[in-house]
Number of protein chains: 4
Amino acid sequence: MDGFGDFKMVTRVSIIGITGYTGLELLRLLLAHPHVEIAHVTSRASDGEPIGSIYPHLSHVDLTVSNPDLDQIATDSDIVFLCLPHKTAQDTVAALHGKVKIIDLSADFRLDDVATYEKYYATPHNYPDLLDKAVYGAPEIVGAEKIAQADIIANPGCFALLAQLMLFPFAGTIEKADIMAVTGSSGSGKSASDGTHHPIRSHNMKSYNINKHRHIPEICRSANITAQQLNFVPTSGPFVRGIFATAFVTLKPDSTPKCAGDVYENAPFMRLQDSVALANIVGSNFCDLNYQKVDDHTVIVQGALDNLVKGAAGCAVQNMNLICGYDETTGLKQLAPLYP
Amino acid sequence: MDGFGDFKMVTRVSIIGITGYTGLELLRLLLAHPHVEIAHVTSRASDGEPIGSIYPHLSHVDLTVSNPDLDQIATDSDIVFLCLPHKTAQDTVAALHGKVKIIDLSADFRLDDVATYEKYYATPHNYPDLLDKAVYGAPEIVGAEKIAQADIIANPGCFALLAQLMLFPFAGTIEKADIMAVTGSSGSGKSASDGTHHPIRSHNMKSYNINKHRHIPEICRSANITAQQLNFVPTSGPFVRGIFATAFVTLKPDSTPKCAGDVYENAPFMRLQDSVALANIVGSNFCDLNYQKVDDHTVIVQGALDNLVKGAAGCAVQNMNLICGYDETTGLKQLAPLYP
Amino acid sequence: MDGFGDFKMVTRVSIIGITGYTGLELLRLLLAHPHVEIAHVTSRASDGEPIGSIYPHLSHVDLTVSNPDLDQIATDSDIVFLCLPHKTAQDTVAALHGKVKIIDLSADFRLDDVATYEKYYATPHNYPDLLDKAVYGAPEIVGAEKIAQADIIANPGCFALLAQLMLFPFAGTIEKADIMAVTGSSGSGKSASDGTHHPIRSHNMKSYNINKHRHIPEICRSANITAQQLNFVPTSGPFVRGIFATAFVTLKPDSTPKCAGDVYENAPFMRLQDSVALANIVGSNFCDLNYQKVDDHTVIVQGALDNLVKGAAGCAVQNMNLICGYDETTGLKQLAPLYP
Amino acid sequence: MDGFGDFKMVTRVSIIGITGYTGLELLRLLLAHPHVEIAHVTSRASDGEPIGSIYPHLSHVDLTVSNPDLDQIATDSDIVFLCLPHKTAQDTVAALHGKVKIIDLSADFRLDDVATYEKYYATPHNYPDLLDKAVYGAPEIVGAEKIAQADIIANPGCFALLAQLMLFPFAGTIEKADIMAVTGSSGSGKSASDGTHHPIRSHNMKSYNINKHRHIPEICRSANITAQQLNFVPTSGPFVRGIFATAFVTLKPDSTPKCAGDVYENAPFMRLQDSVALANIVGSNFCDLNYQKVDDHTVIVQGALDNLVKGAAGCAVQNMNLICGYDETTGLKQLAPLYP
């Protein structure tokens, strides 16, 4: 049914850095994937603990967190997912490269250009030679073929992927894009902070890093614009999952942008909707889009995705499917949004 | 792996009454079930509409709502799920009985006694003869064997199932039980009402039907107590999914209650936790429990389940698995809670 | 301290249409106002009922809802607040005009132009002659003097007031403004509806009436732009109180916009903040603003106010203060935001 | 109108420890109090900072945080409110005692018995001699007269006050009380922690310190029961403000409890309601109660109050009013609940 026989119907995967929200979400999806066998879920701090003792919502899962050396992980796995902070991820990617297929959910290999990386992330990049080995893991933009053959996948940032999917049909025809994007609190990770303190976050909206957010270069690249042509207003919203974004796009005079319906015709997780609602995508790998033409050179684009799924772990599994030769939607499409 | 070969690996199911939250949740679970094929999803009001045009979160699902006659549904299905209001469900169950296996999510066949039904539901029961054909669909209480052989399953009420699972190990030894149970707004269904109006519900708690709730007779039956031995305080809480209940249980003097760990030893969806947290079960079929002994005859019991899953659709799928001879957990256990 | 002696330290006020959220919020503010005496709070449907029996949160308030004729209300009041739906309000304003000072919280007298009103509200205006008797009740824009002398105040729309206060310093210099504004559920009023159904609204964002919202002509007027120069995206957010808006403003070449700090120097409820956060204004009459210059002709403006206070009842009390000769802030400024 | 003339219409107050939620809430209420003048608001860490630079929601308030020595505070104040952690508060109370009236919002002087204090708070009490100088600041229970004459007020704990107000009419007649009380996240204070991390807290319920909570001895004292007669289940709820509690009370045989309506007849902030709803008290000093008789010796009691107002700062202002000879409700009763 997936287009191949019994041969290698099982993919052995490991998750390095299981204890954060991204690692947990990957595990949620991989547990529901018909062809996956978990090799290792690792954490230095929780080495030896059953996953259920750290996270009681997983107390039914028979897995123990471990901390094997990287060679062991490579040997035992077909695919390794890295859920590490940027900078830390670099070293691990370098150590694993050539030994196993890598899907890196950090930012370290998303940008082609060292200088841009170092400017936005304020840290050196120690493996510039590896940058062109990494394929940017946005299947709808990069194309399934390139991903299928990659050794290192640089999984996109959550804001970045949504903004790109919204703008991509207009790539090369954009004069200016003003984007206001609201994210849920799960985007801040599992560590408590002032910004995720419930007494305020529960009814707050607040923007941050306006025109300075690290996802800006990812957006500009696929939209084929400079940072000066983009205003990007990331905003914290009072909900847990999802990003809801609105873009006011000015097209270049006499340009002929593509139609999103054509561009995403064969993209199984892209849904063009009459209107976009955040509640329609929670828990799923779908990205909902709406394009509203204002006049010949102005379009209001809205989009939504679940930052932990399509914006992170779901996209990573989609990339894994392509690498392993499974149908792109395996283990993902049957997971309908949690509604309500 | 499910204990049988290729023979009849597909179960054809229909959902009568697809447009409410229970019908939708069943569809969500059935779409992820490896052995299910959807025959019909029905609604009188939405006959002919693609499911995605009523519910855009399902716009990727290729299903059209229909309204075939019941014989057609019976012919095309191995299992029919009824997601109809009580009273309406009666007639449909009677019409389908003998033609197809029925899992009724309404209240109409939950109680053995017509008088009790008519008292709590304030409506006549027109099919008293069918009452003893129906098996109460709580596998952990009734036992898998009885369910496997049933023609009609009366799927439990959400509050009722949680309270029963909390009290069941003490059945026969309870002198008194005081229960305070808080439910999410999805329990009120998809129709807007004052009680689910967001400006208030978002930060409100309010009890209703204290000692009058319709689920009381279900609770009393399996706990082996009278309504006079129970105080039941159903309460609306400011969240969407789940029920969180606390029971203060006084045991009879010199009684020796069973240990929950023993009672639920082989129950795959029952999890005994060090403490119960609502957020640990959202979206899943698990029921989390905690028993805290205060003194020789007093126990504080806490429990949580997702009202739409274990409290409705998930339990119904569990019953379907037992009827069809699948492993009880098929299509359910791999669905980890949505966390966060 | 309020600039006058003991003479007429009491203002008698009535609220016509007490049972909606706007009427209730007015009552909350007026109960805390040192110079106000409530004459009548009226409702046709609740005539004769103590306010606390309709709204138990007010059970300590000794007021009975009544339904006197308008002449009686005029006789007993110095100020009458109308909290009626548009269209209904027209007739009442016409009947009361000349007999008592009127503060109308409906939309009926906000626009100067009958044709624009009839286009956006899809209903005839029966009192075009009264339109120029009404003063638009935005003190920071219209000026205190005009309001002090008005017989009819047309209190601004909530979205409209926020957008205007954001754009007003740039009036006359704007080439284009793109606004994305997110509102809480209290803006939908007290009647339950699909859009305020808690199971979805609690975690949803969804835009509506894009470029068609009724508040557009109010915004354009004070910003001195046409509707073609504005994109306005009203959006429902998952919180109760407040509006949080982001405007991308393109200024005309060679224009010299005013500085918001200067424009609002003497406006006691306008606060220029380093960044705008919705949680900072809840329950108060403050409007927080932030201006971030991108380049010589581009500014990102953010603003927030409580839709029920500064966006409705609080602004109405501010107008009342000006009419009565009290300090503009009486009964309002001591009400700090509810934080957290 | 407050029962006295122009003489001493101003009370000078200081808040020691302004930066927590209790200090902030006191400031909110005191800013709206007609007879209060703020002398000092203090914090060691924020000495010299304008209040608005720490808390932008107060950017309109012209106050600078300072850190004067205690003698200076005593000299400049008629009343000093302490918003310090327990243990720290002890020393400050001892240092200020005899120099100024003290309202201590910590736990340090709530209990009469050193051993009980040391058991529940796990820290020594260094001023046992001062314990009987302190009056427990629950006016409805202790009586206004005792409070009016106190030099030190020990302001009650939030859970404790609600539970006491619920049980007090039954004092001396209670055989057993089982209480399940749900609190908002503001009760955890302003510091971010795992328990207030928005991604989970927003939809979680979880109990903690069952039968071990520090407020238990306060509850037992006024209810005239032992800790063995009480089960107390404090629970975190997914909202910001308020506590909603349910008590299952078993009365002693042949006892004749008082009627709450009589006990609270002259208590202006106690409201007996047909049913209790959390949303009815937010932001106000009201405590709502409901008593539902089950049988001759069983009563279900429900209650709600705002933990930051009646459960802390509002009760403190009520105590201040009594000490200063103002009407008990001054500056409080006009603050209607924030609804919705």
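The values are calculated or read from the model by the stated rules, or taken from the named source; none is laboratory data. Quick caveat: nothing in here was measured; it's all calculated off a predicted structure. Please note: Cβ atoms are built from the backbone with ideal geometry, for glycine as well, and neighbour counts cover all protein chains shown. All accessible areas refer to the heavy atoms of the entire protein, side chains included, with ligands and DNA or RNA removed. Shrake-Rupley method; radii C 1.70, N 1.55, O 1.52, S 1.80 Å.
Place the label 7 angstrom along Cα→C-beta at A:Asp91 and in each other copy, then list the distances from the first to the rest in nm, shortest first.
List, nearest first: 4.2, 7.2, 7.8 nm.
Nearest 500 deg cm²/dmol is fine: what mean residue ellipticity at 222 nm does the protein assembly as shown get from its DSSP H runs of n ≥ 4 alone, each adding -39,500 (n - 2.57), divided by its residue count?
-6500 deg cm²/dmol
In whole percent, how big is the carbon plus sulfur part of the accessible area of the protein assembly as shown, probe 1.4 Å, protein atoms only?
47
How big, in percent, is the set of alpha carbon pairs in region D:205-333 lying more than 24 Å apart?
35
At what distance in nm do the modelled label points of B:Thr88 and C:Asp274 sit from each other, each positioned 7 Å from its Cα along Cα→Cβ?
Once both label points are built, they end up 5.7 nm from each other.
Only Cα pairs under 8 Å and at least 6 apart count here; give the relative contact order of region B:159-307 as a rounded whole percent.
32
A:Gln72 label points, 7 Å along Cα→Cβ, one per copy: pairwise distances from this copy to the rest in nm, shortest first?
Nearest first, the other copies' label points are 6.1, 6.2, 8.7 nm away.
Computed FRET efficiency, Cβ-Cβ of C:Glu265 and D:Asp47, R0 30 Å: what is it to the nearest 0.05?
It comes out at approximately 0.50.
Over region C:159-307, how many pairs of lysines fall under 17 Å by alpha carbon, counting only those 8 or more apart in sequence or from different chains?
Going through region C:159-307 pair by pair, I get 6.
Taking the Cα atoms only, what angle lies between the long axis of helix A:158-167 and the longest principal axis of chain A, rounded to 10 degrees?
40
With a cap of 12 neighbouring Cβ atoms within 10 Å, and only residues DSSP puts in a loop, list the chymotrypsin sites (Phe, Trp or Tyr not before Pro) found in region C:1-94.
C:Phe4, C:Phe7
State in Å² the accessible area per residue of chain B; use a 1.4 Å probe, count heavy atoms of protein chains only, and round to the nearest integer.
Accessible area per residue: 35 Å².
Considering amide H positions built from the backbone, and no H for Pro or chain starts, which residues 5 or more places from C:Leu272, or on another chain, come under 5 Å of its amide H?
Hits under the 5 Å cutoff: C:Leu289.
Which of C:Cys158, C:Cys315, C:Cys324 moves most in a GNM of chain C, Cα contacts under 10 Å?
Residue with maximal mean-square fluctuation among C:Cys158, C:Cys315, C:Cys324: C:Cys324.
Name the chain C residue nearest the rotation axis between C and D, going by Cβ position, and give the distance in whole Å.
Here the value is C:Leu338, 3.
Using Cα-Cα distances under 8 Å and only pairs 6 or more residues apart, what relative contact order does chain C have, in percent?
Relative contact order of chain C: 17 percent.
I'd like the distance separating the alpha-carbon centroids of region B:196-249 and region C:56-102, in whole Å.
42
When you look at the Cβ of every residue in A:267-279, what mean number of other chain Cβ atoms sits within 10 Å?
4
For chain D, restrict the atom set to alpha-carbon positions and state the Rg and Dmax in Å.
Just the Cα atoms of chain D yield Rg and Dmax of 19.4, 62 Å.
Report the residue, chosen from B:Thr173, B:Thr75, B:Thr250, that carries the largest GNM mean-square fluctuation when chain B is represented by alpha-carbon nodes joined by springs under 10 Å.
Between B:Thr173, B:Thr75, B:Thr250, it is B:Thr75 that shows the largest mean-square fluctuation.
Under 17 Å Cα to Cα from A:Lys310, which lysines show up? Leave out anything in the same chain fewer than 8 places away.
Within reach: A:Lys333.
Find the sum over both chains of the accessible area lost when D and B are paired, probe 1.4 Å, and report it in Å² to the nearest 100.
3000
If you take each beta carbon of peptide A:29-40 and count the beta carbons of other chains within 10 angstrom, what is the mean?
1
Take every residue in peptide D:186-198, count the Cβ atoms of other chains within 10 Å of its Cβ, and give the average of those counts.
Per-residue shielding by partner chains comes out at 6.
Threshold 10 Å², probe 1.4 Å: give the residues of region A:318-340, in number order, that are less accessible with all protein chains present than with their chain alone.
Flagged in region A:318-340: A:Lys333, A:Gln334, A:Leu335, A:Ala336, A:Pro337, A:Leu338, A:Tyr339, A:Pro340.
Can you give the FRET efficiency to the nearest 0.05 for A:Asp129 and A:Val10, using r as the Cβ-Cβ distance and R₀ = 35 Å?
0.60
Ranking request for peptides B:213-225, A:35-47: highest mean number of other beta-carbon atoms within 10 Å first, then the rest in descending order.
B:213-225, A:35-47
Convert each backbone phi in region B:287-303 into a coupling constant with the Karplus relation 6.51 cos²θ - 1.76 cosθ + 1.60 (shift: θ = phi - 60°), then list the ³J(HN,Hα) values in order as whole Hz, x for Gly and Pro.
Here the 3J(HN,Hα) series is 10, 9, 9, 9, 10, 10, 6, 9, 8, 4, 10, 10, 9, 9, 10, 10, x Hz.
Averaging sequence separations of C-alpha pairs under 8 Å and six or more residues apart, then dividing by the length of region B:129-206, give the relative contact order as a whole percent.
21
Give me the net charge for the shell around A:Leu82: Cβ to Cβ below 11 angstrom, other residues only, Lys and Arg +1, Asp and Glu -1.
Result for the neighbourhood of A:Leu82: -3.
Could you list which residues have their amide H under 5 Å from that of C:Thr298, counting only those 5 or more apart in sequence or on another chain, with H placed in the peptide plane?
C:Leu251
Determine which residues of region B:253-283 fall in the zone a paramagnetic label at B:Lys293 would reach in this model, i.e. backbone nitrogen under 16 Å from the point 7 Å along Cα→Cβ.
B:253-263
Which of D:Ala181, D:Ala32, D:Ala150 ends up with the largest GNM mean-square fluctuation for chain D, with Cα atoms connected below 10 Å?
Between D:Ala181, D:Ala32, D:Ala150, it is D:Ala32 that shows the largest mean-square fluctuation.
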